[in-house]
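Working notes, structure below.
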Amino acid sequence: MHELSIAMSIVDLAEEYAAKEEAQRVLEMEIEVGELSGVVTEALDFAMEEAVAGTLCEKARWKIIPIPGEVRCRACGHVFPSDSLFSDCPRCGQAGVELVRGNEMRLRSILVE
Amino acid sequence: MCDTCGCGSEDEEVILRKPGKEGEHFHLEGEDHLHHHGEDLGQSHHHHHEAREIVVEQNVLSRNDLLAERNRGYFEARGVTAFNLVSSPGAGKTSLLEQTIRDLKEEKKFFVIEGDQQTMHDAERIDATGVPVIQINTGNGCHLDARMIHTAVKEMDIPEGAVLMIENVGNLVCPSLFDLGEHKRVVVISVPEGDDKPVKYPTMFRSSHLCIINKTDLLPYVDFDLEKVREYARQVNPEIEILELSVKTGEGMDRWYQWLRENS
Ligand SMILES: Nc1nc2c(ncn2[C@@H]2O[C@H](COP(=O)(O)OP(=O)(O)OP(=O)(O)O)[C@@H](O)[C@H]2O)c(=O)[nH]1
Ligand SMILES: [Mg+2]
Ligand SMILES: [Zn+2]
Ligand SMILES: [Zn+2]
Ligand SMILES: [Zn+2]
Ligand SMILES: [Zn+2]
């Protein structure tokens, strides 16, 4: 269950910000997860249910916002959308890309009261 | 339940121990672990009842990253070089460490941190080589994190110029996400695992400095294309260095030792 530690980190971070604002509880969390981050959204969703138990986030809803993957061809510099780091460049046909976007694991915002 | 401090189930909590002193164990330091359950918060003088948004915009693992930077600073100040060894279960991390320590211990001062979900087995193997070792049992946790290393290092008193070898929990997923404050990350794969590991676990290969292909003595018996692994690994990480060796026969170990000398 590899996503549990990520879920716990999200909850810890949300709690930290909520506590700083002297909030009573967290109502909502907006989480960004990149398609190339290695995190499986369904598994994270499942893990969150466990991670919120007994915390300020216990009653919170969360929204997981997928960030599409984007890569750059190392040979010709072409930037294109991709869900894999092993894709061939649609422009020059070469293999070998570097990540531009889609590695995110961020807590965007929380709603507290 | 552990008998020393009456702490909860040993299966779930992170416990650190030294071989020969199994009776004494210690837990993670609490300083960075925030678990507010709302009790004390209710007493605060201003109450806000209306819902409001807080913009966080933080990397989920920012706290681990911060602690890892602290570890790195501590190592640098002492001239200690730390290596983080990651692999699937059984690729040969402990075997590699045992052999390396036996061959180089006159030359370098080794300290070892062993990460496993359960048991002291790996720490006992390292203990037999005569160098200081701490076992971290992560319970259900599938990776080491910076706070565990911070706690273990405090118990070790590592001298100037030493080499700290951290053997992570056997797993190619989560350890790739958790920076420990190491100088170099070494991913070990072994011939029987197949040659598509870099494709299946690109994040790990992207974040490693060196890839060791172990168990080359088994090449005659397994379909394993060395060229293919090199190609895959360089596709995700053109900078990665690649070494082939067999801990069992000793073939290629000298190149690994040379790499260690150049990097510590
Ligand atoms: N044939 C062969 N076997 C090896 C070699 N290196 C290690 N092994 C064997 O592989 C098995 C696993 O080795 P370990 O060193 O325990 O592997 P590990 O990566 O530390 O395993 P975990 O800590 O459980 O993840 C043992 O039976 C070793 O004897 C090698 O070069 N060749
Ligand atoms: Mg081991
Ligand atoms: Zn995991
Ligand atoms: Zn926590
Ligand atoms: Zn191209
Ligand atoms: Zn205890």
Task: Complete set of residues in segment A:94-113 that are open to solvent by less than 40 Å² (accessible area, probe 1.4 Å) and in a loop (DSSP other than H, G, I, E, B) - done: A:Gly96, A:Gly102
Task: Leading residue by the ranking (nearest to the other protein chains (Cβ to nearest Cβ)) among those in segment B:116-137 that are of a type in the set (S, T, N, Q) and within 18 Å of B:Ala91 (Cβ to Cβ) - done: B:Gln117
- [ ] Report, by residue number, each residue of segment B:225-264 that is surrounded by 14 or more Cβ atoms within 10 Å (Cβ to Cβ), within 14 Å of chain A (Cβ to nearest Cβ) and not in a helix (DSSP H, G or I).
- [x] B:Asn237, B:Ile240
- [ ] Kindly establish whether A:Val11 is open to solvent by less than 60 Å² (accessible area, probe 1.4 Å), under 26 Å from B:Pro175 (Cβ atoms) and out of contact with any Lys or Arg (no Cβ under 9 Å at 6 or more places or on another chain).
- [x] yes
TODO: Tell me, please, whether a residue that is within 23 Å of B:Trp256 (Cβ to Cβ) and either without any contact (Cβ under 8 Å) to a residue 12 or more places away in the chain or touching a Pro at 6+ places or on another chain (Cβ under 8 Å) (or both) can be found in segment B:86-105.
DONE: yes
- [ ] Return only the number of the condition from (1) within 14 Å of chain A (Cβ to nearest Cβ); (2) part of a helix (DSSP H, G or I); (3) modelled with pLDDT of 55 or more that B:Leu41 does not satisfy.
- [x] (3)
Open item on the list: Quick check on segment B:164-201: of everything there that is outside any loop (DSSP other than H, G, I, E, B) and of a type in the set (Ser, Thr, Tyr), which residue is farthest from B:Leu66 (Cα to Cα)?
Closed with: B:Ser190
Open item on the list: Please pick out the residue among B:Met204, B:Met148 that is within 13 Å of chain A (Cβ to nearest Cβ), touching a helix residue (DSSP H, G or I) at 6+ places or on another chain (Cβ under 6 Å) and closer than 28 Å to A:Val40 by Cβ.
Closed with: B:Met204
Task: Cross-chain or 6+ apart pairs with Cβ under 6 Å, segment B:150-174 first and closer than 20 Å to B:Ile101 by Cβ and open to solvent by 10 Å² or more (accessible area, probe 1.4 Å), then assigned to a helix (DSSP H, G or I) and modelled with pLDDT of 95 or more - done: B:Glu160/B:Arg78
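Do we find a residue being modelled with pLDDT under 50, more than 30 Å from B:His121 (Cα to Cα) and either more than 12 Å from chain A (Cβ to nearest Cβ) or open to solvent by 80 Å² or more (accessible area, probe 1.4 Å) (or both) anywhere in segment B:26-37? Reasoning before the result, please.
As a first pass, look at segment B:26-37 and keep what is modelled with pLDDT under 50: B:31-37.
Those still in the list that are more than 30 Å from B:His121 (Cα to Cα) too: B:34-37.
From what's left, either more than 12 Å from chain A (Cβ to nearest Cβ) or open to solvent by 80 Å² or more (accessible area, probe 1.4 Å) (or both): B:35, B:37.
There is at least one residue in segment B:26-37 that is modelled with pLDDT under 50, more than 30 Å from B:His121 (Cα to Cα) and either more than 12 Å from chain A (Cβ to nearest Cβ) or open to solvent by 80 Å² or more (accessible area, probe 1.4 Å) (or both).
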Task: Complete set of residues in segment A:18-50 that are under 27 Å from A:Arg72 (Cβ atoms), touching an Asp or Glu at 6+ places or on another chain (Cβ under 7 Å) and open to solvent by 40 Å² or more (accessible area, probe 1.4 Å) - done: A:Glu35, A:Val40
TODO: For segment A:8-50, name all the residues that are within 9 Å of chain B (Cβ to nearest Cβ), closer than 18 Å to B:Leu177 by Cβ and assigned to a loop (DSSP other than H, G, I, E, B).
DONE: A:Leu36, A:Ser37, A:Gly38, A:Val39
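Being out of contact with any Pro (no Cβ under 7 Å at 6 or more places or on another chain), within 16 Å of ligand 4 (Cβ to nearest atom), modelled with pLDDT of 95 or more and of a type in the set (A, V, I, L, M) narrows it down to one of B:Ala146, B:Ala128, so name that one. Spell out the reasoning first.
Working: B:Ala128 fails: within 16 Å of ligand 4 (Cβ to nearest atom).
Among B:Ala146, B:Ala128, only B:Ala146 is out of contact with any Pro (no Cβ under 7 Å at 6 or more places or on another chain), within 16 Å of ligand 4 (Cβ to nearest atom), modelled with pLDDT of 95 or more and of a type in the set (A, V, I, L, M).
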TODO: Of all residues in segment B:236-264, count the ones that are out of contact with any Lys or Arg (no Cβ under 9 Å at 6 or more places or on another chain) and under 16 Å from B:Ser207 (Cα atoms).
DONE: 2
- [ ] Select from segment B:207-224 the residues that are more than 13 Å from chain A (Cβ to nearest Cβ), part of a loop (DSSP other than H, G, I, E, B) and crowded, with 16+ Cβ neighbours inside 10 Å and list them in ascending order.
- [x] B:Ser208, B:His209, B:Lys215, B:Phe224
Open item on the list: When you scan segment B:14-21, do you find a residue that is in a loop (DSSP other than H, G, I, E, B), basic (Lys, Arg) and modelled with pLDDT of 80 or more, even just one?
Closed with: yes
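Conditions (1) more than 9 Å from every other protein chain (Cβ to nearest Cβ); (2) at pLDDT below 95, marked per residue:
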| residue | (1), (2) |
| --- | --- |
| B:His46 | no, yes |
| B:Glu50 | no, yes |
| B:Val55 | no, no |
| B:Arg63 | no, yes |
| B:Arg70 | yes, no |
| B:Gly73 | yes, no |
| B:Glu76 | yes, no |
| B:Thr81 | yes, no |
| B:Ser87 | yes, no |
Task: Complete set of residues in segment A:51-93 that are among the hydrophobic types (A, V, I, L, M, F, W, C), within 13 Å of another protein chain (Cβ to nearest Cβ) and open to solvent by 50 Å² or more (accessible area, probe 1.4 Å) - done: A:Ala53, A:Trp62, A:Ala75
Task: Failed item in (1) acidic (Asp, Glu); (2) touching a residue at least 40 places away in the same chain (Cβ under 8 Å); (3) within 12 Å of A:Glu113 (Cα to Cα), with A:Glu22 passing the rest - done: (2)
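The values are calculated or read from the model by the stated rules, or taken from the named source; none is laboratory data. Here the structure is a predicted model, which means the values were calculated and not measured. Note that each Cβ is placed from the backbone with ideal geometry, even for glycine, and that neighbours are counted across all protein chains shown. Note: accessible area is taken over every heavy atom of the protein model, side chains too, but ligands, DNA and RNA are not part of it. Shrake-Rupley method; radii C 1.70, N 1.55, O 1.52, S 1.80 Å.
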